[in-house]
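Below is one structure; the comments refer to it alone.
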Amino acid sequence: MKQLPEQLTKPYNPQSVETELYKTWEESGYFNPDNLPGERTESFTIVLPPPNVTGTLHTGSAIMLAIQDSIIRFKRMRGYKALWIPGTDHAAIATQSKVEKEIYKKEGKNRHDLGREEMLKRINEFALESQNTILSQMRSIGASLDWSRLAFTLDEKRNLAVRTMFKKMYDDGLIYRGSRIVNWDPKGQTTISDDEIVSEERKAILYTFKYSNDFPIAISTTRPETKVGDTAVAVHPEDERYKDFIGNEYDLEFAGCPIHIKVIADTAVEKDFGTGALGVTPAHSITDWEMADRHSLPRPQVINEYAKMVGLKNEELNGKRVTDAREYIVNWLKENNLLTNEEEITQNVPTAERTGGVIEPLPKLQWFIAVNKSFNHFGNEITLKKLMAAAVSSKAINILPDRFEKVYFHWTENLRDWCISRQIWYGHRIPVWYKEGKIYCDINSPKEEGWEQDEDTLDTWFSSGLWTFSTLGWPDQTKDLKTYHPTDLLETGHDILFFWIARMILFSTYALNEVPFKQVYLHGLVRDAKGRKMSKSLDNILDPRDLSEKYGTDALRMSLLVGNGPGNDLKLGEDKIKAYKLFANKIWNAARFVLERTQDFEKEVNLIEEDQSVYETWREIHKDITSDVENYRLHLATEKIYDYFWKVFCDEIIETRKTRILDDIDKASAQTLLLKLLREQLIVVHPFMPFITEELWKYVKKDGEGLLMITNWNG
RNA sequence: GGGAGAUUAGCUCAGUUGGUAGAGCAACUCGUUUACACCGAGAAGGUCACAGGUUCGAGUCCUGUAUCUCCCACCA
C-alpha cells in the first residue's frame with residue numbers, strides 16, 4: 001500500500017479538486033465514445049435538451065444535467081459506446097426581444113432603425129458571446145458531454161437540416177401556405193402557436209345589448225368593439241326562443257357602421273350563457289372562424305396587427321385602439337338605449353407566453369404543417385397526427401412516468417394544424433421565394449434574378465424538433481447517424497412534453513421512419529423548501545453555482561437525485577444539500593481511515609467466512625442498485641447507496657473490523673474486505689458523485705487501472 | 001367543463017410485483033479513548049386523508065368522498 005498522501009490528511013475540499021478533475025476527464029478524450037477503451041458494440045445515446053444560448057444555469061438545468069450525467073456515466077462504465085451530445089438553442093423570440101430591449105435601452109433604437117442585416121449581426125454576436133457562460137456552467141456541474149459534437153440550433157448544419165425538412169414536407173404537401181385565423185401577438189408583432197399561449201384569469205364586463213332597435217335578438221359579449229365585424233348571430237338549434245328567426249337576414253347600422261347579420265343555428269352555442277345568442281365575428285375569434293366555415297359567412301377584418309380598428313365606415317373608429325373603441329361603442333350603446341345589462345365576470349384571456357401581450361386572433365397568410373392530411377409514408381397512407389400517436393401507443397417509445405402517455409394522446413388527438421411562420425428575424429428563414437405570383441421552394445435559392453425570399457422565419461420548435469438527428473449529421477447519411485440513432489433516452493422537464501417531445505416524434509418518424517428516442521424520462525420542477533415555485537419576485541431562487549461552491553458539486557448533485565422520482569416536483573432546501581455535503585465528508589473520512597489501516601497491506605487473501613458473508617450481502621445490494629439505475633430509478637439507487645455506505649459500511653463493518661486489524665485477528669481478511677468494499681462502492685457512487693470518487697480512486701486503484709470514469713461497473 | 005397527481009412520524013419525503021410501516025432533518029437521553037469543523041449508541045414518535053369493497057392478508061388493488069396542486073378547453 002502506498003504511503004498516505006498529504007492530501008488525505010485534510011478534510012475534503014471540493015473547490016481544490018473539481019476544476020482540475022474536470023480538465024483531466026476532458027483531456028482524456030473519453031467524453032467522446034470513439035475514444036473509449038475496449039470492445040464496445042452497443043451504443044447508448046442521450047441528446048441534451050439544449051438550453052437557451054443566452055441563458056444561465058438554473059436549478060432546472062442542474063437537475064437535468066445531474067440525471068443525465070449520472071446515467072451516461074453509468075452506461076460508460078457498463079461498457080457502452082456512451083454518447084451525450086451537447087448543444088444550445090437560439091430561442092428565437094426570447095433572444096431577439098432580449099437583444100432588442102438592450103439596444104433600445106442603450107441606443108434608443110428599435111429593430112427597424114437598425115435594419116434586418118445589422119440587427120441579425122448584433123443578435124448573433126450577443127448569442128455567441130453569451131454561449132460561453134452557459135457552456136462553462138455545464139462543465140462546472142461535471143457534465144461529461146462530448147464537446148467535439150457541440151451543436152447549435154441555428155448553425156449551418158442545422159440550417160441545412162431545417163431547409164431539407166421544409167422542402168421534403170412541402171413536396172409531400174404537408175407544409176402549406178394559407179390564410180387562416182392565427183394567434184397574433186400585438187406586443188411581439190408575430191404569430192405564435194397554440195402551445196405558446198397561456199390563459200390568464202381576468203375580470204371583464206359582459207355587456208348585453210341589441211345591435212339596433214331593428215334587430216330582434218339581444219347578444220352578450222365582453223368585446224363590444226369587435227361587433228362591427230359581425231356577420232351572423234348564432235343560436236342553438238333547439239333553443240325555442242329563437243327558432244323562428246333562424247335563416248333571417250338583417251341589414252343594420254351599428255355604431256355608425258353598416259353590418260349584415262344572418263341568424264344561424266349552431267350546436268357550439270351554449271343556450272344558458274348570456275342571452276343564449278352569440279354575435280359571430282369570424283375574423284377575430286377562432287370559434288367564430290370555424291362557425292363561418294360551417295355556414296359560409298363573410299369574414300371582414302376590423303382589427304389590425306397593432307390591435308387598432310381598421311376598415312370601418314365610421315371614421316371616428318378607425319385607428320382607435322381596441323380598448324378605446326370598446327369605450328366608444330359602449331357609450332354609443334348607452335346613448336341609443338340599446339345596452340340592457342352589464343355584469344362583471346372572470347374570464348380566461350389568452351396571452352403570449354413570451355411577451356405577455358393579449359392575443360388578438362387575426363386572419364393572416366401563414367405557413368402551416370397539416371397534421372390531419374393523409375400522405376404516403378413509406379408505403380402507408382397515414383396522417384402526421386396518427387404517426388405521432390402510433391409511436392407511443394405501439395410502445396416504440398416509453399414515457400416515464402407512464403401517466404404522461406395519456407396526456408400525450410389527448411394532446412395529439414386534439415392537435416390542429418401547426419402555424420410555423422413567425423414574423424421575427426432571428427431564426428431559420430423560410431426557404432421559399434416569390435416572383436410575379438409564382439412560388440419556389442427549395443433547399444437553396446433560385447439561380448435566376450428577381451426572386452424574393454419569404455420574410456418570415458420558422459417557429460423555433462421546428463429546428464429543435466430535428467434535434468436528435470440533425471445533431472448526428474442528417475440529412476447526410478453519416479456514420480454517427482447509423483450508430484447513435486434512434487437515441488436511447490430523452491430526459492427533460494414535463495413542461496415541454498408538447499412543445500418539444502411531440503415535435504421530435506413528428507419529424508423523426510416522418511423523415512426517418514424511426515422514433516427519435518426509445519425512452520422518455522420526465523423530471524419534475526424544482527421548488528423551494530416550502531413547495532413554492534422559484535421566482536425572482538419571491539426571491540427564493542437557489543443558484544446552483546452558489547450551491548456548488550458552498551457545498552461542493554457532488555453534494556448538490558446528490559440533493560437533486562435522492563428522493564426525486566420521475567414526474568414529481570422536488571422541494572429543495574439548503575438543509576438537504578448540506579446533508580449530502582456531510583455525506584461527501586463521510587466518504588472522504590471513511591476512505592482516509594481505510595487507507596490508514598491498510599498501509600501495510602500486501603495482497604488480497606481469501607475472506608474468512610464471516611467477512612465473505614458480509615461481502616455477499618453487499619453484492620446483493622450492488623445488484624439492486626444496478627437494476628435501479630438501469631430502470632431509471634435513480635431516486636432509489638442513490639438512497640440505497642447513501643444508506644449502505646453510512647449505516648452499514650461505516651457504522652458496522654468498519655467499526656467491527658477496526659479492532660480486528662489493531663489486534664491482528666484475521667487481519668488480512670479484514671483488510672481485504674475493507675479495501676474491496678471501498679473500491680466497489682467508489683465505482684457505484686461515481687456516476688452520482690463523480691468528483692470526490694475520482695479523487696479518492698487515485699489512492700485505491702491498482703497498477704494498470706485508469707481513471708474511475710472508465711472503470712468497469714460489474715454485475 | 002374535462003383530465004392527471006398528491007394526502008404516510010413535528011417537517012421533507014421513500015416504500016419497485018399486495019406479506020410484520022422506513023429514512024433524513026428537528027426534538028429527547030447518553031457517550032465521544034485519534035476516520036469524521038463532527039461522530040456514535042439508545043429511546044420516542046404513525047387508525048398510512050376519510051368511508052366502503054376484493055383478499056387468508058391492503059400504505060399498495062377497486063369504488064366513492066374531502067382537501068390541495070398541476071395540465072388541458074372556443075361559454076361569447
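Let's see how each residue does on (1) touching a Leu at 6+ places or on another chain (Cβ under 9 Å); (2) open to solvent by 20 Å² or more (accessible area, probe 1.4 Å); (3) under 25 Å from A:Tyr328 (Cβ atoms):
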position: A:Glu201; (1), (2), (3): no, yes, no
position: A:Ile217; (1), (2), (3): no, no, yes
position: A:Thr231; (1), (2), (3): yes, no, yes
position: A:Tyr242; (1), (2), (3): no, yes, no
position: A:Ile246; (1), (2), (3): no, yes, no
position: A:Asp251; (1), (2), (3): no, yes, yes
- [ ] For segment A:318-330, name all the residues that are more than 17 Å from A:Tyr207 (Cβ to Cβ) and touching a helix residue (DSSP H, G or I) at 6+ places or on another chain (Cβ under 9 Å).
- [x] A:Lys320
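Okay, residues lined up against (1) under 30 Å from A:Tyr22 (Cβ atoms); (2) open to solvent by less than 40 Å² (accessible area, probe 1.4 Å); (3) not aromatic (Phe, Trp, Tyr):
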site: A:Tyr551; (1), (2), (3): yes, yes, no
site: A:Arg557; (1), (2), (3): yes, yes, yes
site: A:Ile587; (1), (2), (3): yes, yes, yes
site: A:Lys603; (1), (2), (3): no, no, yes
site: A:Arg619; (1), (2), (3): no, no, yes
site: A:Lys623; (1), (2), (3): no, no, yes
site: A:Arg633; (1), (2), (3): yes, no, yes
site: A:Asp651; (1), (2), (3): no, no, yes
Open item on the list: Suppose we keep only residues that are modelled with pLDDT of 70 or more and away from RNA strand B (no atom under 16 Å from the Cβ) within segment A:529-546. Which one would you say is least open to solvent (accessible area, probe 1.4 Å)?
Closed with: A:Pro544
Open item on the list: One residue is enough: does segment A:315-328 have a residue meeting the conditions away from RNA strand B (no atom under 15 Å from the Cβ), aromatic (Phe, Trp, Tyr) and over 38 Å from the mean Cα position of the chain (by Cα)?
Closed with: yes
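Conditions tested, residue by residue: (1) within 17 Å of A:Leu595 (Cα to Cα); (2) charged (D, E, K, R).
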{"position": "A:Glu630", "(1), (2)": "no, yes"}
{"position": "A:Arg660", "(1), (2)": "yes, yes"}
{"position": "A:Ile665", "(1), (2)": "no, no"}
{"position": "A:Lys676", "(1), (2)": "yes, yes"}
{"position": "A:Phe691", "(1), (2)": "no, no"}
{"position": "A:Leu696", "(1), (2)": "yes, no"}
{"position": "A:Lys702", "(1), (2)": "yes, yes"}
- [ ] Could you pull out every one of the strands (runs of 3 or more DSSP E) wholly within segment A:307-400 that has 2 or more residues that are buried (at least 18 other Cβ atoms within 10 Å of the Cβ) and of a type in the set (A, V, I, L, M)?
- [x] A:339-352, A:360-369, A:398-400
- [ ] State whether one or more residues within segment A:603-623 are closer than 24 Å to A:Asn712 by Cα, under 36 Å from the mean Cα position of the chain (by Cα) and more than 12 Å from RNA strand B (Cβ to nearest atom).
- [x] yes
Open item on the list: A:Asp146 - would you say it is of a type in the set (D, E, K, R) and open to solvent by 60 Å² or more (accessible area, probe 1.4 Å)?
Closed with: no
- [ ] Please enumerate the residues belonging to segment A:364-379 that are hydrophobic (A, V, I, L, M, F, W, C) and under 28 Å from the mean Cα position of the chain (by Cα).
- [x] A:Trp367, A:Phe368, A:Ile369, A:Ala370, A:Val371
Open item on the list: Any residue that is in a helix (DSSP H, G or I) and within 28 Å of A:Val520 (Cβ to Cβ) - is there at least one of those in segment A:101-122?
Closed with: no
Open item on the list: So, in segment A:565-582, how many residues would count as being near RNA strand B (Cβ under 8 Å from one of its atoms) and either under 16 Å from A:Asp651 (Cα atoms) or among the β-branched types (Val, Ile, Thr) (or both)?
Closed with: 1
Open item on the list: Quick check on A:Glu117: is it loosely packed, with under 13 Cβ neighbours inside 10 Å, farther than 30 Å from A:Phe74 by Cβ and under 28 Å from the mean Cα position of the chain (by Cα)?
Closed with: no
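The values are calculated or read from the model by the stated rules, or taken from the named source; none is laboratory data. Worth saying up front: this structure is predicted, and the values here are computed from it rather than measured. Every residue, glycine as well, gets a Cβ built from its backbone with ideal geometry; the counts of neighbours run over all protein chains shown. The protein model used for the area step is the full one, side chains on, heavy atoms only, and it has no ligands, DNA or RNA in it. Shrake-Rupley method; radii C 1.70, N 1.55, O 1.52, S 1.80 Å.
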